[in-house]
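Heads up, the thing below is written out as structure tokens.
The values are calculated or read from the model by the stated rules, or taken from the named source; none is laboratory data. Values in this document were obtained by computation on a predicted structure and should not be read as measured data. Backbone-built Cβ (ideal geometry, glycine too); neighbour counts: all protein chains shown.
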Number of protein chains: 2
Amino acid sequence: MAQIVKIFDTTLRDGTQGEGVSLSVEDKLKIAQKLDVLGVHYIEGGWPGSNGKDIEFFHRVKELNLTHAKVTAFGSTRRKETKAQDDPNLNRILESGVEVATIFGKSWDFHVHKAIQTTLEENLAMIYDSVKFLKDNGLEVIYDAEHFFDGFKNNQEYALQTIKHAEAAGADWIVLCDTNGGSLPDEVAEIVAKAGQAVSVPIGIHAHNDCELAVANSLAAVNAGARQVQGTINGYGERCGNANLCSVIPNLQLKLGYSCISDEQLCTLTQVARYVSEVANMHMPVGQPYVGNAAFAHKGGIHVSAILRHAKTYEHITPELVGNKQRVLVSELAGQSNLIVKAQELQLNFDKDNPKVKSVIEKVKELEHQGYQFEGADASLELLLREAIEGLEEVFTLESFKIIVEKSAGRGVVTEAIVKVNVHGETMLTAAEGNGPVNALDLALRKALIPHYPDIQKIHLTDYKVRVFDEKDTTAAKVRVLIETADADNSWNTVGVSENIIEASWNALADSIRYALIGKTRVEHKQPEPQRLGVINH
Amino acid sequence: MAQIVKIFDTTLRDGTQGEGVSLSVEDKLKIAQKLDVLGVHYIEGGWPGSNGKDIEFFHRVKELNLTHAKVTAFGSTRRKETKAQDDPNLNRILESGVEVATIFGKSWDFHVHKAIQTTLEENLAMIYDSVKFLKDNGLEVIYDAEHFFDGFKNNQEYALQTIKHAEAAGADWIVLCDTNGGSLPDEVAEIVAKAGQAVSVPIGIHAHNDCELAVANSLAAVNAGARQVQGTINGYGERCGNANLCSVIPNLQLKLGYSCISDEQLCTLTQVARYVSEVANMHMPVGQPYVGNAAFAHKGGIHVSAILRHAKTYEHITPELVGNKQRVLVSELAGQSNLIVKAQELQLNFDKDNPKVKSVIEKVKELEHQGYQFEGADASLELLLREAIEGLEEVFTLESFKIIVEKSAGRGVVTEAIVKVNVHGETMLTAAEGNGPVNALDLALRKALIPHYPDIQKIHLTDYKVRVFDEKDTTAAKVRVLIETADADNSWNTVGVSENIIEASWNALADSIRYALIGKTRVEHKQPEPQRLGVINH
């Protein structure tokens, strides 16, 4: 039997400390559901003592009825010279209604003196009292020993005393934190082993990536006996981020033989990683290990046929084990098989001998060549496929649009759009003013469509992204626009590409509205299930 | 005396295998100069047997007269059943005129059979003959043992035979390559140690990042006796990239006490990393260890004053050691001290009691609050500071602009801009057509300015980036535009922010042109020298 290592995800707490990562309560709830599907054991949802948004999250997460993960709330030990039961932070954790509390305390004598400015004895009491208070209230308690490695190096005996006090008070886990991210794997292994000899409750590791060693440090800690790893999806977190669970989990499970999540759950890893990067609006490096778009990409230089025949000699794992796939950058096959998967999902008759199928494959290839990317724009791809195979009802046809942007010295900009569309034989000519050209275009188009499709009032744009590519040519470069649209129940993504940002935006906008209006596409927009392969290649 | 570990940079060879990394010969020459300043020992410039661009590089790099680094050319062992002296690949290396050759050969029996389809004996002869041929021609030879770790695990004896043959032929270095990036630090350490016992020439390590462990594997190899590390700036490379030298070097030098480059050279690390990311046109993650913009950023949650007083308790190294700096994200002090540094660099009189200074600090704060970021827009910041402290000549004043974008069904988009500006009392009214609104605006503005400033024809936009932020409001969100402009000698960056993408673009565009036209700013736009601190904090 493989030994079990529990996965503690702190994307929603420590991850949001990362520069550029900002999550609304809605975003957090969506991510919590994905984390539950992935099978992490703990989801740290936030710090209820620190802000109201987190309190709302803990209130609403209960309605999600998560199946695997326990939700945990973060906080600190009680303030100095107070009683735990009077501590507002600790009481916020109780009020949040979680079953698991995660509290941190000081391990480093220097920080006790300088940061909280109290005695070493009082700090030990703060740890003991706080853990005990939460245990007495029936919670599972995870004690995060902040700065443990630096503290241990500075004053080994005191650092060990702090975790012994947490143990004595009943802590269920003691998690050693490399808060500054400055430790090396050998040090981590040695100190984890020593801590493991000092206490008998299970140990966890919380590593930061300041030396680009957070994953290595997490593995070193597990090999030295740790049985919980704290980290975040894609390694988001303050400064250089936290240990990246998207690398930690497959390393532990596929390389070292530990058991974290099920094989089926591991297959969702790539999907979860990309989903979280979308929701957090963070650029995902193509070369991100295991889950990046280029993680299993092969350039044509080495014999492509050899790779296809003997993949294990050029890939360290079978990409499907983590829900990723091999890409042979010059192969024409790759795109085609993606399309077949998508068509199956939409239950379209995608027979290869069908000339319509051939022509849509050609069309998608041509669009990708122009710079379209359908990975983040499922709705645009679905429209293309349905249009080609089944034909689609024409919900509106553009006759023309015109946008005027005017600025005079000392005044703001005025932006107006005029749209002429044909809806079921009727020409609608409308105009609208917006705070930018795309906004004006969107408003004018809606005005034109509302008389025929009043439901359009229920949908709204929720995200708009612009990416200039092939930047060497600058303003003559191409622009890719991604639009996310939502109604009360669903959301969908569309894409447009052009040299002209306005035309690219129009393409994405028109797709988003068409998708909403075409009845048959209003069923819930599911993510494709990852394909399963049974064989582990190592 | 610290032990010396040689740094072998392969950004220009393996790095260009990374998806999205594309370097012209000019780019490669510029990067080679920076690498020389950084103090790497070897610069692998390319594969002269594989493409003509690399041959040109080796020809022209000699004119640079690099002071530290040896330039090396890459190639493979001779083809099977041929003579080394007849091998075109090996002869291209000689013709490239380098003093150092780096050639790779097969270590994994499986690859010998399947990929090159020859006998194990012939492969050993290919290694021996190729190394010997290059040595006989007077070159230093670095032998890269491809797939060494996988080969060793599969057939230890054969893998060791391959490197013994390289040694017998006179190889100066034997570099063990984890080509698929699937090895773990403990394995690497063990296998490097065993290889080190088998041969007496110095060993190197070449790691890939497929498990997010390339840095850890490189350190493990050095601890096990390796004395050369191959890697790339920012970890660029095929799939998940190569070992990131920007993390390897400071870890080796600041954490483990090895000596790679001088302390002064280490101070240029951040600058080199950012420069290479600019030239390679790759997005640099803000959280990149050691050199990222957020690597030493602190959010205000923890006591800022404590961080400032006791930085070592919150930072694993002094950021200035690698040419980076601390950023305190919400502190009012931080912005102010940044401004003071910048003003000193521009030799402006930035006395705090000067009311102009107070007002420009307020203004920058207000702009940052609106979403301006000056870190990537030095020219905009310089204009603001010079304007506030010294006053600036008015090179032109906008009276108005108007942009019209028109699209009719079945036709392309037509985009026109009309610009009215006042130049030295004369009103210029011009119009231009562009392939997008910003391009049209740029062209119209240039038309208006050329009669007064003919030099403007020498400058051109080289990059245009759009970032929508606070995307929750979608088209009502704000847009930040970054523009890079260049003339023959220099380049500079400007920023604009607005709810309206056109206005944001205008702001950045107007700044870029103003910067170019204001005489005193046409001096070379230097990167700030990194500040030096003498104390190592660990």
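Summary of values
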item: Qualifying residue in region B:263-276 (condition: hydroxyl-bearing (Ser, Thr, Tyr) and closer than 24 Å to B:ASP144 by Cβ); result: no
item: Flag if A:HIS298 is within 13 Å of chain B (Cβ to nearest Cβ), modelled with pLDDT of 85 or more and over 26 Å from A:LYS34 (Cα atoms); result: no
item: Residue count for region B:42-72, restricted to those that are crowded, with 24+ Cβ neighbours inside 10 Å and in a helix (DSSP H, G or I); result: 2
item: Members of region A:370-425 found to be in contact with a His (Cβ under 8 Å, 6 or more places away or on another chain) and either among the β-branched types (Val, Ile, Thr) or without any contact (Cβ under 8 Å) to a residue 24 or more places away in the chain (or both), listed by number; result: A:VAL423
item: Qualifying residues in region A:110-155 (those that are farther than 21 Å from A:VAL192 by Cα and either outside the structural domain of A:ARG92 (by TED's automatic domain parsing) or charged (D, E, K, R) (or both)) - the one modelled with the lowest pLDDT; result: A:LYS114
item: Number of the exception - B:ALA377 against (1) within 26 Å of A:ILE418 (Cα to Cα); (2) outside the structural domain of B:VAL481 (by TED's automatic domain parsing); result: (1)
item: Test set (1) in contact (Cβ under 8 Å) with a residue 40 or more places away in the chain; (2) in a helix (DSSP H, G or I); (3) under 33 Å from the mean Cα position of the chain (by Cα) - A:GLN33 fails condition number; result: (1)
item: Matching residues in region B:4-30 - criterion: being assigned to a helix (DSSP H, G or I), within 12 Å of the chain's Cα centre (by Cα) and closer than 15 Å to B:GLU56 by Cα; result: B:ASP27, B:LYS28, B:LYS30
item: Pairs, first free of Cβ contacts under 8 Å to residues at least 40 places away in the same chain and more than 8 Å from chain B (Cβ to nearest Cβ) in region A:200-226, second outside any loop (DSSP other than H, G, I, E, B) and among the basic types (Lys, Arg), C-beta under 6 Å, six or more apart; result: none
item: Filter result for A:GLN253 (in contact with a Pro (Cβ under 9 Å, 6 or more places away or on another chain), of a type outside the set (A, V, I, L, M, F, W, C) and closer than 25 Å to A:MET1 by Cβ); result: no
item: The listed residue being buried (at least 18 other Cβ atoms within 10 Å of the Cβ), modelled with pLDDT under 95 and within 30 Å of A:GLU503 (Cα to Cα), out of B:ILE403, B:ILE456; result: B:ILE456
item: Region A:446-465, subset in contact with an Asp or Glu (Cβ under 7 Å, 6 or more places away or on another chain) and not charged (D, E, K, R), residue farthest from the other protein chains (Cβ to nearest Cβ); result: A:ILE459
item: Members of region A:257-284 found to be assigned to a loop (DSSP other than H, G, I, E, B) and closer than 30 Å to B:HIS316 by Cβ, listed by number; result: A:TYR258, A:CYS260, A:ALA280, A:ASN281, A:MET282, A:HIS283, A:MET284
item: Residue satisfying all of: in region A:271-291; out of contact with any Asp or Glu (no Cβ under 9 Å at 6 or more places or on another chain) and free of Cβ contacts under 8 Å to residues at least 24 places away in the same chain; nearest to A:TYR464 (Cα to Cα) among these; result: A:HIS283
item: Candidates B:ARG327, B:ARG274, B:ARG309, filtered to the one that is modelled with pLDDT under 75 and within 28 Å of the chain's Cα centre (by Cα); result: B:ARG327
item: Meets criteria (in a loop (DSSP other than H, G, I, E, B) and not assigned by TED's automatic domain parsing to the domain that holds A:ASP210) for A:TYR290; result: yes
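Yes/no per residue for (1) at pLDDT 95 or above; (2) more than 14 Å from chain B (Cβ to nearest Cβ):
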position	(1), (2)
A:PHE8	yes, yes
A:VAL21	no, no
A:SER24	no, no
A:LEU35	yes, yes
A:ILE55	no, yes
A:VAL61	yes, yes
A:LYS83	yes, yes
A:ARG92	yes, yes
